[in-house]
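Read through the structure below, which is laid out as structure tokens, and then see the notes.
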Amino acid sequence: MIGYSAADAAALRAFALAVPDDALDAAFAACLERNNARPPTPSDTVLYARLLDRPLWGTSEWLDSLAATWLDCQQFGSPPTLPPAASARLVEAVHAVLHADDRSPGSAECDILLATAKLAQAVQAMLASASLERLDLRLAAGEGVDPLTGLPTRAQFVHALEREMNRPEQKLVGLVLLHLAWGAGGPQQLSAQRDQLRRQLSDAMGSALRPGDMLCSIADQEWALIMPELRSIGQVQLAARRLVEICEQLPEHSTPQLRGSIHAGTACAPEDGDTAHDLEHAARAALLRAMRAGIPVVCFHTDMIARMEHEIDLEHDIARTIAHPPFQLWLQPQIRLDSDRCAGAEALLRWQRTDGEWVSPPQIIDIATRLGLMPELSRWILGQAVRTLSELDAQGIEIPVSLNLVAADLHDEELPHLVAQMLATWRVPPARLVLEVTEGALISDRDRAGRVIQALRALGCGVSLDDFGTGFSSFAYMRDLPVSELKIDQLFVRDMLRSSRDHAIVATVQALAHGFGMRVVAEGVEDPSTADELRRMGCDLAQGFLYARAMPQSDFVPWVKARNAE
């Protein structure tokens, strides 16, 4: 970046290490509230989160992410003044944090402010350049033709769809929206390689059209097929499946896990919409359902609109409040089977919206991951868990609390340093924090996850292998990773008294875990008979509705004191 030196980067690294995340986030939010004339949209909020990602300040990864986010913001209608306004608020926020105690600025503070101003200036220039590049592409399209694929652009698509929908004769009009989701190898591909694949997919789909059909390139990774004068609704469904099959069978699209996957949503007028806007809205709801469920083709149903709008509403709530999440951590007791005393707890994410709706933890995680906000959410959850441990300790309840990690956490080699910092801040012994990992989180990058787990164990934290037995290579993880605890999945525990196979699995896994020196926790214990059998087997801890459901900390404390006093 022009004008931004190594000394500037060093000054900002020192600032990032010295100032808590929430201090800068709060100052930035206050600056936004004072200066913004309009409330931020979800896409604006994502840009702000990228801008505040201090560990990456000035890196090419950070700049690329900012540029991509800004282009998305433009697509969703953010004004061109957003980058300069956000950059100005960043400088103001850093100034506010540095001068929070009203002391006169020293040379170090001046260096940090100057470096922040240079960084903000570079960000504005880079985002302006990204906007100009997109404008150049649009101008190059000329008469509404995408210069890369040769297909009509979105403007032509809208015009053609409106023309078909407004014909005086009432005939069926089908619409297919197709989306290419890049696979794990997508980020490693050069832009030219991605462009080549998009061109080949466009050519392959174009060769399979009926006379009169119109295939359009409506976004970088999206196509739309307009099918006028249909004889039946089934035609649009068959066409969508055919296009997806053609794309998947294309030699250049081999290894979809690396290249990407194709999903399609379909709708048919007038049944699914009697205007161009309504028909596209219906097809997009079906496409969203296909992408979320991992289904190649989904046809529109009337309940999809409400579901899509509800999910968008949830996304807006999470993105808008990620700096100060509205979530809670509830605690579910873990009971020692040899004494019936509470000897641990699992921290579980809970969210009740203002309208009373409870949103499930997997849905919260899915939305945060989709919005790119999972790192922020993980830091918040971890901070809340450590704070909870400190508060339990102050009330005389010295038990470990376990917390689930997601795959992205195990790929973050800075996680052990963050854990160490939080434990030191709240004066919590490391052994009191148990971090749960699943095979699904380990499988994508086992080596890196192994290094993170080794570092957490070296720190003194417990590491628990969760949902054991539901994957394919869990025994290898038991052998190779320094896991201190194993949780037998409720899938086997709940039916162990009725299924000899489940009983054998529980007994074998427990014996094997004890052979490795691990503590064993049985999940899903719902009746006394199951608890008695687990006790007879020698299982260490049990967790389930027999004892208690997850509860707020305010209820958990008296519950534990009453149980352990018996």
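What the Cα convex hull of the chain gives, in volume per residue, is 189 Å³. Here r is the Cβ-Cβ distance between Asp445 and Glu271 and R0 is 45 Å; the resulting FRET efficiency, rounded to 0.05, is 0.45.
The mean sequence separation of alpha-carbon pairs under 8 Å and at least six residues apart, normalised by the residue count of the chain, gives a relative contact order of 10 percent. Return the carbon/sulfur percentage of the accessible area of segment 490-562, one whole number, probe 1.4 Å, all protein chains in place. Accessible surface attributable to carbon and sulfur in segment 490-562 totals 53 percent.
The simple Förster model, with R0 at 30 Å and r as the Cβ-Cβ distance, assigns Arg535 and Gln352 a FRET efficiency of 0.25. So for segment 330-383, Kirkwood radius off the Cα pairs, Stokes-Einstein at 10 °C and 1.306 mPa s: how many µm² s⁻¹? Translational diffusion coefficient: 120 µm²/s. Rounded to the nearest 500, the helix-only mean residue ellipticity at 222 nm of the chain stands at -17000 deg cm²/dmol, with each DSSP H run of n ≥ 4 adding -39,500 (n - 2.57). Restricting the trypsin sites (Lys or Arg not before Pro) of segment 322-359 to loop positions (DSSP other than H, G, I, E, B) with no more than 12 neighbouring Cβ atoms within 10 Å leaves Arg353.
Accessible area per residue for segment 370-448 is 44 Å², calculated with a 1.4 Å probe on protein heavy atoms, without ligands, DNA or RNA.
Rounded to the nearest 10 square angstrom, Trp182 shows an accessible area of 50 square angstrom against a 1.4 Å probe.
Give the calculated FRET efficiency between Leu418 and Gln395 to the nearest 0.05, with a Förster radius of 22 Å applied to their Cβ-Cβ distance. After rounding to 0.05, the efficiency reads 0.30. Potential lengthening of the chain between Gln170 and Asn35 amounts to 43.4 nm, from the contour at 0.36 nm per residue minus the alpha-carbon distance. Solvent-accessible surface (1.4 Å probe) assigned to Met537 amounts to roughly 40 Å².
A 1.4 Å probe run over the protein chains yields, for segment 231-358, 48 Å² of accessible area per residue, whole-number rounding. Screening the chain for DSSP H helices whose Cα atoms reach 20 Å or more along their own axis and whose mean Kyte hydropathy is at least -0.5 gives 21-35, 60-75, 82-98, 107-140, 234-249, 276-293, 374-394, 500-515.
The values are calculated or read from the model by the stated rules, or taken from the named source; none is laboratory data. If you're wondering where the values come from, they're calculated on a predicted model, not measured in any experiment. Note: ideal-geometry Cβ built from the backbone for every residue, glycine included; neighbour counts use all protein chains shown. Heads up: the accessible areas ignore ligands, DNA and RNA and are worked out on the full protein's heavy atoms, side chains in. Shrake-Rupley method; radii C 1.70, N 1.55, O 1.52, S 1.80 Å.
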